[in-house]
Amino acid sequence: MPMEKIAISSESSLDLKKDEAAKYHIHIIPYTLIFGDESALDGEFGAKDIFAYTAKTGKLAKTSAINAEEYRKRFEDLLKDHDYLIHFCIGAKISSTYEHALEAAESFGGKVHIVNSLNLSGGIALQAIYARELIEEGKSFKEVCDIIDERAKYMHGSFALESVDYLYKGGRCNALAMLGANLLKLRPQILLSDGRMVCGKKFRGKKDKWVFDYLEETLTANKNMDLTRVFVAYTEIDQELLDKACARLKEFGFKEIILHEAMGTISCHAGPGTFGIFFYNDK
């Protein structure tokens, strides 16, 4: 019996480089970024363009949720050359795209499975990569879906922010919290918990200090890390500091480190000076 041909897709919120996406045959559907009266697909503008727009106007670039009809067209195209499709969405409690993708999937009679990643950025990417590995092992469509859905809750996702200004502008942080964080120069940790973003510990100091404080806190707090690979996402962190952080992760025992600057969808909500780490926490 021939092996099933299974496609994998996700949105640009998975923050995966084009060459990495191609390596694992992951098809990416870009979000639309809105700059005042103008718009562009995520990837056409980088984080620096987004930050420059906000610095100039005081406004955030916005993201437009992918609608059901756009998903339907993308899914239809992929199923022309595949028997099944597994699509990974940003956490359902973070964006409405999950509901839109579910609506679109109903048109394909069980051939499209929508994964609620409960995560964002590298937390989505690692799940999609793992799904591809299961497919290459010869697992069936149903087996891959069952394994991925069960394991999603064990994906650790977190990031630390140099400033909460972008979260405040985007309505995800109240004025009092923003003012307190800025006055005390706190660098808050944001954790993904049950698919929601919640505040964790707070760090202080210059970037080379708080990044490593956050890194060590993350490595200490999680006791069941799968050391196969770790995903590091960032915005405006200098290369020397990134190299040191990656060296620490390698020293800790991670076999593969995927390093990627966040794309537009994540950048316009997180802002400059963001550092995040993602890995499975289930050994």
Legend entry - Failed item in (1) in contact with a Ser or Thr (Cβ under 6 Å, 6 or more places away or on another chain); (2) over 23 Å from Ile29 (Cα atoms); (3) in a helix (DSSP H, G or I), with Trp210 passing the rest: (1)
Inset, instruction - Six or more apart or on different chains, Cβ under 6 Å: which pairs go from a residue in the stretch 191-209 that's among the aromatic types (Phe, Trp, Tyr) to one that's surrounded by 14 or more Cβ atoms within 10 Å (Cβ to Cβ) and assigned to a strand (DSSP E or B)? Could you list them? - result: Phe203/Arg187
Legend entry - Single condition Ser96 does not satisfy, out of (1) closer than 23 Å to Tyr154 by Cα; (2) out of contact with any Lys or Arg (no Cβ under 8 Å at 6 or more places or on another chain); (3) surrounded by 15 or more Cβ atoms within 10 Å (Cβ to Cβ): (3)
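Rundown of residues vs (1) crowded, with 16+ Cβ neighbours inside 10 Å; (2) closer than 28 Å to Asp42 by Cβ; (3) aliphatic (A, V, I, L, M); (4) at pLDDT 95 or above, yes/no style:
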site	(1), (2), (3), (4)
Lys201	yes, no, no, no
Phe212	yes, no, no, yes
Phe231	yes, yes, no, yes
Glu236	yes, yes, no, no
Ala247	no, no, yes, yes
Gly264	yes, yes, no, no
Pro272	yes, yes, no, no
Gly276	yes, yes, no, yes
Tyr280	yes, yes, no, yes
Inset, instruction - Please enumerate the residues belonging to the stretch 85-123 that are over 23 Å from Glu150 (Cβ atoms) and part of a loop (DSSP other than H, G, I, E, B). - result: Ser96, Gly109
Inset, instruction - Search the stretch 59-75 for residues being part of a loop (DSSP other than H, G, I, E, B) and free of Cβ contacts under 8 Å to residues at least 60 places away in the same chain, and hand back the single one that is surrounded by the most Cβ atoms within 10 Å (Cβ to Cβ). - result: Ile66
Inset, instruction - Taking the residues in the stretch 139-173 that are hydroxyl-bearing (Ser, Thr, Tyr) and either outside any helix (DSSP H, G or I) or farther than 23 Å from Val232 by Cβ (or both) as candidates, determine which candidate is modelled with the lowest pLDDT. - result: Tyr168
Legend entry - Options His82, His27: the member that is farther than 22 Å from His269 by Cβ, part of a strand (DSSP E or B) and modelled with pLDDT of 95 or more: His27
Inset, instruction - Return yes or no: is Leu78 surrounded by fewer than 24 Cβ atoms within 10 Å (Cβ to Cβ) and under 21 Å from the mean Cα position of the chain (by Cα)? - result: no
Inset, instruction - Determine whether the stretch 8-17 contains at least one residue that is assigned to a loop (DSSP other than H, G, I, E, B), loosely packed, with under 15 Cβ neighbours inside 10 Å, out of contact with any Cys (no Cβ under 8 Å at 6 or more places or on another chain) and hydrophobic (A, V, I, L, M, F, W, C). - result: no
Inset, instruction - Hey, can you tell me all the residues within the stretch 30-57 that are part of a helix (DSSP H, G or I), surrounded by fewer than 18 Cβ atoms within 10 Å (Cβ to Cβ) and among the hydroxyl-bearing types (Ser, Thr, Tyr)? - result: Thr57
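The values are calculated or read from the model by the stated rules, or taken from the named source; none is laboratory data. Remember, it's a predicted structure, so these values are computed and weren't measured experimentally. All Cβ positions, glycine included, derive from the backbone under ideal geometry; neighbour counts span all protein chains shown.
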